[in-house]
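This report concerns only the one structure given below.
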Amino acid sequence: AQSVTQLDSQVPVFEEAPVELRCNYSSSVSVYLFWYVQYPNQGLQLLLKYLSGSTLVKGINGFEAEFNKSQTSFHLRKPSVHISDTAEYFCAVSFSQGGSEKLVFGKGTKLTVNP
Amino acid sequence: GAVVSQHPSRVICKSGTSVKIECRSLDFQATTMFWYRQFPKKSLMLMATSNEGSKATYEQGVEKDKFLINHASLTLSTLTVTSAHPEDSSFYICSAEDRGYEQYFGPGTRLTVT
């Protein structure tokens, strides 16, 4: 079975500081990995995804993530955050079932950027 | 980019009534759509997978008679919460899968049952 662990439920940082949101996954098969952002009372927006190839993935809004197969991790990073990055961030793993790709989500990390 | 809409964005209903939520893929055809439920400060829980022209596949623990899903066309799936109770109050989010197997999420529907 697939599972995703986001160790930090809340991460407070100051504006312009770097941030790392941690994500570890468990799967017995090859998976695709995703990071989504959710603003209050809104749906999810895809930040970036790892399907194959380069383990360093760049996404929107200056975020990037690195896939580490040996550590089964897919941590999200941004070198300098803005107030507008305050949101909930979800790591997800997808797996094939019944001809479609299902997503399993972590519990989310609330990023709060303070001035 | 691919856009998915949900209607309504917010709905308040009385206990015992039914509520229908629509999910539409606006600029692509989606053979498969997914329905999620999100509790406050919790992650998304997959409720069911909706396939166009066939019955939905429900996840374990989700009552199919209570959460009726219809996927009548390649751009529309509906979720009907029947005989709603206060514990059904939640944020419901749909997603639509394109041919590249990527999911695009709707903006969500906040259901409050009084």
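The values are calculated or read from the model by the stated rules, or taken from the named source; none is laboratory data. Keep in mind that this is a model prediction, so the values were computed, not measured. Note that we place each Cβ from the backbone using ideal geometry, even for glycine, and neighbour counts take in every protein chain shown.
Taking the range B:75-105 as the region of interest, how many residues are surrounded by 15 or more Cβ atoms within 10 Å (Cβ to Cβ), within 14 Å of chain A (Cβ to nearest Cβ) and more than 12 Å from B:R37 (Cα to Cα)?
8
Which count do you get for residues in the range A:21-65 that are within 10 Å of the chain's Cα centre (by Cα) and not aliphatic (A, V, I, L, M)? Break it down into steps so the answer makes sense when it comes.
The initial filter retains those residues of the range A:21-65 that are within 10 Å of the chain's Cα centre (by Cα), namely A:21-24, A:33-37, A:46-49, A:63-65.
Those left that are additionally not aliphatic (A, V, I, L, M): A:22-24, A:34-36, A:49, A:63-64.
Looking only at that region, the number is 9.
For the list (1) closer than 20 Å to A:S28 by Cβ; (2) surrounded by 12 or more Cβ atoms within 10 Å (Cβ to Cβ), I need the number of the one condition that A:S70 fails.
Condition (2) is where A:S70 drops out.
So which of B:K14, B:K41 is within 11 Å of chain A (Cβ to nearest Cβ), over 15 Å from the mean Cα position of the chain (by Cα) and surrounded by fewer than 20 Cβ atoms within 10 Å (Cβ to Cβ)?
Among B:K14, B:K41, only B:K41 is within 11 Å of chain A (Cβ to nearest Cβ), over 15 Å from the mean Cα position of the chain (by Cα) and surrounded by fewer than 20 Cβ atoms within 10 Å (Cβ to Cβ).
Any idea which of (1) more than 10 Å from chain A (Cβ to nearest Cβ); (2) acidic (D, E); (3) touching a residue at least 24 places away in the same chain (Cβ under 8 Å) is the one B:D65 doesn't satisfy?
(3)
What are the residues in the range B:69-114 that are part of a strand (DSSP E or B), out of contact with any helix residue (DSSP H, G or I) (no Cβ under 8 Å at 6 or more places or on another chain) and of a type in the set (V, I, T), if any?
Correct list: B:I69, B:T78, B:T80, B:I93, B:T109, B:T112.
When you scan the range A:51-112 for strands (runs of 3 or more DSSP E) that lie fully inside it, which ones turn up with 1 or more residues that are away from every other protein chain (no Cβ under 14 Å)?
Hits in the range A:51-112: A:56-58, A:64-68, A:73-78.
Can you confirm whether B:K55 is more than 8 Å from chain A (Cβ to nearest Cβ) and at pLDDT 95 or above?
It is false that B:K55 is more than 8 Å from chain A (Cβ to nearest Cβ) and at pLDDT 95 or above.
If you check A:S54 against the conditions, is it over 19 Å from A:L7 (Cβ atoms), at pLDDT 95 or above and out of contact with any Ser or Thr (no Cβ under 9 Å at 6 or more places or on another chain)?
In short, no.
What pairs can you find where one residue is in the range A:23-52 and farther than 12 Å from A:Y89 by Cα, the other is surrounded by fewer than 21 Cβ atoms within 10 Å (Cβ to Cβ) and of a type in the set (S, T, N, Q), and their Cβ atoms are less than 6 Å apart, with a gap of 6+ or different chains?
Here the result reads A:N24/A:T5; A:N24/A:T72; A:N24/A:S73; A:Y25/A:T72; A:S26/A:S3; A:S27/A:Q2, each pair linking the range A:23-52 to a residue that is surrounded by fewer than 21 Cβ atoms within 10 Å (Cβ to Cβ) and of a type in the set (S, T, N, Q).
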